[in-house]
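FYI, it's all coordinate maths here, none of it is from the lab. Predicted, not measured: the structure shown is a model, and the values here were computed from it. Every residue, glycine among them, receives a Cβ derived from its backbone with ideal geometry; neighbour counts consider all protein chains shown.
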Amino acid sequence: MKAVGARIPRYDGIAHVTGRTQYVDDLRIHGSLVVKAFRSPVHRANVRNLDTSKAEAMKGVKAVVTWKDVPVLEYGHLSGLGIPADEPLLAKDEVRYLGQPIAVVAAEDEDTAMAAVEAIRPPAPSRYNCWLSSSVPEESNRFTMSYRRTTVVPGKAAGAGVPEHW
């Protein structure tokens, strides 16, 4: 118990503060692939008809993985213990938050992987607008929450003949 209450020198402290520490992300192994994720550009949407054909056809792209390619679509291993997973590995039917992974691209280099991710673009996201409205007099402090599905397309009015899903 000599360590309790004593100053213990950190053997890696100088390397950390000077930036010389090598982390796993700093290592590059010849022949390894670069993986980048296509993430949701909106907070909430239904995911249907995601077209990955342009990304798959690009030179240097080895794989494009969506939820259809993953047999068990959950993080961790707790489902074997009866604990349900609360977040899918990749979005399946709906996006629940901004930046949620939808597809993953594996390519020979970083530029090709980023170009393939940019080639996966959904045609029109649908999202829910939320507003509060008072349904009773102000002194009761009761409010109702309402949702309305709208379609957002750059340069067009919401809902102008555009499907409400990807």
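Structural remarks
- Sorted fewest first by neighbouring Cβ atoms within 10 angstrom, Asp93, Asp25 come out as Asp25, Asp93.
- Approximate spin-label separation Leu81-Val42, in nm, with each point projected 7 Å along Cα-to-Cβ: 3.8
- Val95 long-range amide H proximity, modeled H, under 5 Å: Ala45, Asn46, Val47
- Amide hydrogen proximity for Phe38: with H placed 1.01 Å from N in the peptide plane, the residues at 5 or more positions away or on another chain lying under 5 Å are Ile102, Ala103, Val104, Val105.
- For Leu89, the amide hydrogen comes within under 5 Å of the amide hydrogens of Glu74, Tyr75, counting only partners 5 or more places away or on other chains and with H modelled in the peptide plane.
- Label-point separation, Ala15 to Val35 (7 Å along Cα→Cβ), nm: 2.6
- The tail of the calculated P(r) for the range 1-98, taken as Cα-Cα distances beyond 24 Å, holds 55 percent of the pairs.
- Applying the Karplus relation 6.51 cos²θ - 1.76 cosθ + 1.60 with θ = phi - 60° to the range 34-48 yields 3J(HN,Hα) values of 9, 10, 10, 9, 8, 10, 5, x, 10, 6, 8, 6, 8, 10, 9 Hz, where x marks Gly and Pro.
- Distance between the pseudo-spin-label points of Leu89 and Glu118 (7 Å out from Cα toward the beta carbon): 2.8 nm.
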